[in-house]
Amino acid sequence: MKKYWKDIKSKKSQEKISDIKKVSDENVFFGFLGDEEKITHASRRDFLKLCGFSFAVSALASCQSKISKAVPYVIAPVEMTPGMPLYYSSSYINGNDYCSIIVKTRDGRPIKIEGNPGSGITMGGTSARVQASVLDLYDSGRFHGPMKDGKPSEWESIDKEIIGKLQDIVEEKGRIVLLTPTVFSPSTEAVIAGFLRKFKGSEWVQYDAISYSAMLEANKISFGKQVIPDFRFDKADLVVSFGADFLGTWLSPVEYTKQFSSGRNPEHEMTRLIQLESNLTITGSNADKRIQIKPSQEPSILLNIYKEIVKVLENRNFNTPACPVDVSEISKNLISFKGKSIVISGSKVKEVQLLVNEINRLLGNIGQTILFNSFLRTHAALDSQMKMLIEKMQRGMVNALLVWNVNPAYTWYNRDAFTGGLKKVGLTISLSGSPDETNTLFQFICPDHHYLESWNDAEAKREHFSLMQPTINHIFDTRQMADTLLKWTGSTISFYDFIKDYWADNLMSRQSEFTDPVMFFDRTLQKGIFEPASSKGLSVEKLPKTDSLAFNPAAFKTGDNSGKKSIEIVFYETVAIGEGRQANNPWLQELPDPVTKICWDNYASISPLLAKEYNLNDNDVIKLEEVELPVHIQAGQAYGTIGIALGYGRLKCGKAGENIGTDVWPMLLSENGNIVHTVKLDHIVKTGKTYTFAQTQTHHSMEGRAFVREADLSEFRNNQAAGNELHAYNLEHNKSLYKERTYPHHHWGMAIDLSKCTGCANCVIACQAENNVPVVGKEEVHRVHEMHWLRIDRYYTGDEDDPEVVFQPVLCQHCQNAPCENVCPVAATNHSSEGLNQMIYNRCFGTRYCNNNCPYKVRRFNWFNYSAAGTLTGNLRDKEGMTENLRRMVLNPDVTIRAQGVIEKCSFCVQRIQAAKLKAKYENRALMENEIQTACSQSCPANAIVFGDMNDLKSELNRLINSGRRYNLLEELFTMPSVNYLTRIKNKIV
Amino acid sequence: MFKYSQAEKIKYLLSLISFSFIFVTALPNTYLLQIADTNKVQPKDTLSRQLSDSVIYKKENFSSEELIRGERLFYGLVYLGDKSINCEACHNTHVSDTLNWNPDALEISRKYLDKNAYYLSKVLLKPLGTKMKQVHKGFQLTVQDIVLIKAYMNKFVGIGLKKNKPIITNLLLLIIASFLFLLSSVDIVIRKVYKSQRINWAILTVMGIVITWILAVNAISFGRAKGYSPAQPIKFSHAVHAGQNKTDCNYCHYTARSSKTAGIPPASICLNCHFLVRNGTRSGATEIAKVLKAYDDKKPVEWVRIYKLPDFVFFSHEQHVSAGEITCDACHGNVKEMNRLYQVPDLSMGWCINCHKTRKVNLSNEYYKTYYSDYYESFKAGKIDSVVIAGIGGRDCGKCHY
């Protein structure tokens, strides 16, 4: 069996268990390294005083129960039943991110987001960012109303003033510029067009912080279409990706994860993924073959692949520079999967993208796996346009600047140019909903609604329309951006009516089901989506004209690798924080990075070899140009490269997100008009300082024991139990002293397919939102107090310089022989008749015996009062403002909010089980297939988690459980878990 | 009785004469002009406006003697003509634990706080409501007395109704028992007073039992509210609505069948009937007017919640009413006979579990037929006569606590 190790330190010291990291004494109580919080010493007197006080308080509090009021509606809304959830279909749009969603509301409050299974794009999946977006709604840091020069103002007066000023500019033939991210809402586009018509001489510039402009420009040259094509990973049998993290952050990750995982069925077909990259990404972790390269090597590798393909397919030959890696295998694979492969690159260099296009064209992938008729509309901005705008601003040619949802003063590589130019703009108006580095410099703030308060529509992919509808009345005195523009244009209708008119005029004719526009709109609103493409057979691809002269291998520059600057920094966006839009979201900040398992920070990831060269250890602080960053030694990081996440170090965004991590946007460079995410450096400067991370994985050491079982596809085809031989052995040898319990009626269980799981961490946030899991903050995570009920363990295998990565979601295993249950002195945790391991908070008094006895370490203890549910004062730990009344609106009323001093853990979403069972009884029927979904299984974009009744023999769950791949975690302990794992099968190149 | 100064006597006499004069001349007009809700409508004709503006009614400063007379008048301690009028007999000045249909002193005083005594005098002397006409018949109050009664009642606005003193038998008993226990203990240690230690041991045993019993009983009932029956903002009677008028519980508590909560009916539901029904047989217009006002002002009525489970208990009405097919009175008692609602069970876990141990499940539901087919088959074959809730996992902790 393979040897697994969890990080470099533990690989080295696997024999010495005594080496387990000791937290230094001064960190143990009341203090934290490097934090300015003073170390307080609590004396015995204080302790006794506190004891006496708390006893008195609790005694008094229990003497008289509070009089509680029951306040009904005056007039009850027809659609609402108090105490029952209501669901609305809507769309998530945040910058370039899109997801078709269903919003769960309780008593008028949106509390949970689910994927819309009807959507042809996201197909019911969500991402961690989508799941967490509901918390952004309840952010008191958002603008509370319109402002002028930093002071609160009124909409009426502000409208009057702005309209007057805009008209003056038009009369003086000045320039008004509207700056937005890529807008893919047809109605918003129409509103903007109306605005541009009304104010003559105005311009509209789209700017994406993480842009794909090199790709857009290359596609324009190669195919005559300046669009991002529709990549169909479900149709591809081979994916070769150059640094494109398409399962994590690249373009449309939810869609791609759905598509990719649909092709990862060892029993049927298996897509092969080859990843060549510098940083260890989720995609790289899931690759069947991962090759570490420096970004500067990418052109020459691509060119060599091109050469090989040309040699075979077109029988031509030309000279290329020497290739740093062996590409013969990749080329051979690509040729054999001709027309069924995808080659992609995350590069921001136009020439590289041109070469990628050429390879795809040669392989006949265009029109097969890369479709141009249903292109992606979420990314259309060109960096050159933004550059031109800033030049105009600097020359004083812009008289008014309207900014919506972009933050160039933070994300633009040359932010001084922007802020300098801004000083020459006469009128600055921000239409964004929350404060950021840009709009704090602005005169007028006309705040936008949160997307859960807004009407909108979207066309994320051509002919894939969807609607957004408000699920709550706007909390603050905000107004939707489109409504504001309509008002200034002089229109009297609301944006809601505008959308309805637009749909009646433009989209109604694309269908024949409804003849009444009201009916059409209402039914579409109910479904959330409108996809005429699928019904009209748009998928018949007309091949775009290709310009074979667009690419000339002789003129292709592969770059200079011999130079002095040997270290390359590769900037990336994390799964949680992205470009930093949701920086003020404590859920996302506390979400451990899928690979490094660090939260609340960014850092410089360097390879173990490079660290040795520079004599660097984890937590050392290094200086790169002007920026100081802590070091994280990352196995699998390409030698000679440093990976740094963008989106951190926000200065203005709200209480929780400010000054988290380091801002590295200014380190980016512009090359031929496009911003590139790679920078070369001479050397690294060691500062001698150290820094402490909050990292979750080191606390979950499995000490060298293998839980993730792996096999290669070829082995699996011969033997269904390949890599899982231990399972049969354990089944045979396990004996228990206890009488075996049976669950004849329901027996809830779960199967997690490790072949499909990509480790994207959507389930972690979905669970947090559903089950009121508290946020504890960086210090508490560092002190091993994080509360996530579901964690994703990540293990490395193989060589430390070129490891393979495996992910394993771990939640309460709901053991039938549960070790935790035997040791609870008050029976606060016990077994239900349906096979659930129950945790009864009101019974628990916090001995933590169960926590100690749980071999999976899935139980969490409330060390402090994180949720403000406790009655005693003084123990509240809430730096992030999660217990503010507004933030607490997100809590799920169907799940108890746990107080200090009790253990909590995964309940298999028992509230959902109970609700579904009740519905079945009420409707006098049996449960429907997949009617009960846990929060983690429902929105999993990879369909890796399946929940169900193990007694239901026809269920999908039972099919998986009976597969040869099934095994249980630590099955040699004979705990008999209800959570089953399926062996991870890789499709390696043999 | 009371002693008045000469000046006061003259003042009262003069005002009495002038009042009776105006009263006699104005009577026919004002009577005709009165409308159902006397308190809302301003007098229209000039004469009555003069009346309401009259100085007598606007008196604001009162001497302590005057206030005492007001109080005595309210409690019926002043003999007026051929009968004494006791306001307190109908209008409570204490917090009451039974339903009194009539508005209490606090409510009346709040209502007339910003109005002058003229309006009060109208209700007292020439009431319109049927009920008021009966009980306020033949009142012989002078204007001055009415002004004083109002002055006395005004004090309730500040201090609220008088509260009944709690009965402290248990506490007294505990203190005495503890004292005796302590004495005996001391005596055992020091051995001075009693020669026979048996008495001490006897006292210790008995008192120990008493103390334990008191503590145990009180500790168990801590946080439980059996019999809790708070005064509600509107004197709503379930006996009248559910009992006499036979309104179905589900008519008002319409979410009980389909939601976790039974729901307190919104004012709009009340208006379904009370849009037309504006006079109650016993409460008159006063109480119904409150719900009409809530509806007009768009301000919900803030009822005091009686049945309340802790946050860590998840109870669903839908589960019990619809799926479990149990009637409302199984938990809420005979609501049809309660004027003022009170909590019937103690809502303890033991109470829940007792029911789960004894109540039978309707096995003919398709759900049970599918998943509890073994029970259903035995039931059909006559091997078992029933399955109780505990038999299908009704005692699992996680069914209610999650």
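The values are calculated or read from the model by the stated rules, or taken from the named source; none is laboratory data. Just so you know, these numbers come straight off a predicted model, no measurement behind them. Virtual Cβ from ideal backbone geometry, glycine too; neighbours counted across all protein chains shown.
Values computed for the structure shown
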quantity: Residue within the range B:370-381 that is in contact with a Gly (Cβ under 8 Å, 6 or more places away or on another chain) and more than 9 Å from chain A (Cβ to nearest Cβ) present; calculated: no
quantity: Qualifying residue in the range A:881-889 (condition: facing chain B (nearest Cβ under 10 Å) and part of a helix (DSSP H, G or I)); calculated: no
quantity: Hits in the range A:715-768 - residues which are of a type in the set (K, R) and within 14 Å of chain B (Cβ to nearest Cβ); calculated: A:R741
quantity: Residue that is under 30 Å from B:Q343 (Cβ atoms) and among the small types (G, A, S), where the choices are B:G280, B:G208; calculated: B:G280
quantity: Spans of strands (runs of 3 or more DSSP E) in the range A:363-438 with at least 1 residues aliphatic (A, V, I, L, M), outside the structural domain of A:L166 (by TED's automatic domain parsing) and touching a residue at least 40 places away in the same chain (Cβ under 8 Å); calculated: A:370-376
quantity: Filtered residue count, the range B:344-369, keeping only those that are within 13 Å of another protein chain (Cβ to nearest Cβ) and part of a helix (DSSP H, G or I); calculated: 6
quantity: The lone exception for B:V313 - which of (1) in contact with a Lys or Arg (Cβ under 8 Å, 6 or more places away or on another chain); (2) among the aliphatic types (A, V, I, L, M); (3) within 12 Å of chain A (Cβ to nearest Cβ) it fails; calculated: (1)
quantity: Condition check for A:C906: buried (at least 20 other Cβ atoms within 10 Å of the Cβ), more than 29 Å from the chain's Cα centre (by Cα) and at pLDDT 95 or above; calculated: no
quantity: Boolean, B:A330 is at pLDDT 90 or above, within 23 Å of B:N102 (Cα to Cα) and in a helix (DSSP H, G or I); calculated: no
quantity: The range A:454-465: number of residues that are at pLDDT 95 or above and in contact with a Gly (Cβ under 7 Å, 6 or more places away or on another chain); calculated: 0
quantity: Residue in the range B:289-296 that is within 8 Å of another protein chain (Cβ to nearest Cβ), under 28 Å from the mean Cα position of the chain (by Cα) and either closer than 19 Å to B:K260 by Cα or not basic (K, R) (or both) present; calculated: yes
quantity: Residue list for the range A:441-469, filter: of a type in the set (D, E) and within 20 Å of A:I113 (Cβ to Cβ); calculated: A:D448, A:E453, A:D457
quantity: Restricting the range B:211-264 to residues that are at the interface with another protein chain (Cβ under 10 Å from one of its Cβ atoms) and hydroxyl-bearing (S, T, Y), the residue that is surrounded by the fewest Cβ atoms within 10 Å (Cβ to Cβ); calculated: B:S258
quantity: Subset of the range B:379-394 that is buried (at least 17 other Cβ atoms within 10 Å of the Cβ) and not small (G, A, S) - its residue that is farthest from A:H831 (Cα to Cα); calculated: B:F379
quantity: Matching residues, the range A:838-848, being surrounded by 18 or more Cβ atoms within 10 Å (Cβ to Cβ) and free of Cβ contacts under 8 Å to residues at least 40 places away in the same chain; calculated: A:I840
quantity: Test set (1) closer than 30 Å to A:N842 by Cβ; (2) more than 28 Å from the chain's Cα centre (by Cα); (3) not charged (D, E, K, R) - A:P893 fails condition number; calculated: (2)
quantity: Lone unmet requirement of (1) hydrophobic (A, V, I, L, M, F, W, C); (2) within 30 Å of A:Q259 (Cα to Cα); (3) within 14 Å of chain B (Cβ to nearest Cβ) for A:M839; calculated: (2)
quantity: Filtered residue count, the range A:935-956, keeping only those that are in a loop (DSSP other than H, G, I, E, B), in contact (Cβ under 8 Å) with a residue 40 or more places away in the chain and within 13 Å of chain B (Cβ to nearest Cβ); calculated: 2
quantity: Lone unmet requirement of (1) surrounded by fewer than 23 Cβ atoms within 10 Å (Cβ to Cβ); (2) among the hydroxyl-bearing types (S, T, Y); (3) at pLDDT 95 or above for A:S133; calculated: (1)
quantity: Where B:I168 falls short, out of the listed (1) modelled with pLDDT under 80; (2) of a type in the set (A, V, I, L, M); (3) buried (at least 19 other Cβ atoms within 10 Å of the Cβ); (4) out of contact with any Leu (no Cβ under 8 Å at 6 or more places or on another chain); calculated: (3)
quantity: Only one of B:L113, B:L67, B:L77 that is surrounded by fewer than 18 Cβ atoms within 10 Å (Cβ to Cβ), free of Cβ contacts under 8 Å to residues at least 12 places away in the same chain and touching a helix residue (DSSP H, G or I) at 6+ places or on another chain (Cβ under 9 Å); calculated: B:L77
quantity: Test: residue in the range A:470-484 that is in contact (Cβ under 8 Å) with a residue 12 or more places away in the chain, surrounded by fewer than 19 Cβ atoms within 10 Å (Cβ to Cβ) and in contact with a strand residue (DSSP E or B) (Cβ under 8 Å, 6 or more places away or on another chain); calculated: yes
quantity: Number of the exception - A:Y87 against (1) touching a residue at least 60 places away in the same chain (Cβ under 8 Å); (2) away from chain B (no Cβ under 13 Å); (3) in contact with a strand residue (DSSP E or B) (Cβ under 9 Å, 6 or more places away or on another chain); calculated: (1)
quantity: Sole residue being out of contact with any helix residue (DSSP H, G or I) (no Cβ under 6 Å at 6 or more places or on another chain), within 14 Å of chain B (Cβ to nearest Cβ) and in a loop (DSSP other than H, G, I, E, B), chosen from A:I897, A:I932, A:I913; calculated: A:I897
quantity: Identity of the residue in the range A:162-185, assigned to a helix (DSSP H, G or I) and free of Cβ contacts under 8 Å to residues at least 60 places away in the same chain, that ends up nearest to A:Q443 (Cα to Cα); calculated: A:G164
quantity: Residue that is nearest to the chain's Cα centre (by Cα), among those in the range B:316-335 that are surrounded by 17 or more Cβ atoms within 10 Å (Cβ to Cβ) and more than 14 Å from every other protein chain (Cβ to nearest Cβ); calculated: B:V335
quantity: Residue match in the range A:850-864 (condition: within 13 Å of another protein chain (Cβ to nearest Cβ) and in contact (Cβ under 8 Å) with a residue 12 or more places away in the chain); calculated: no
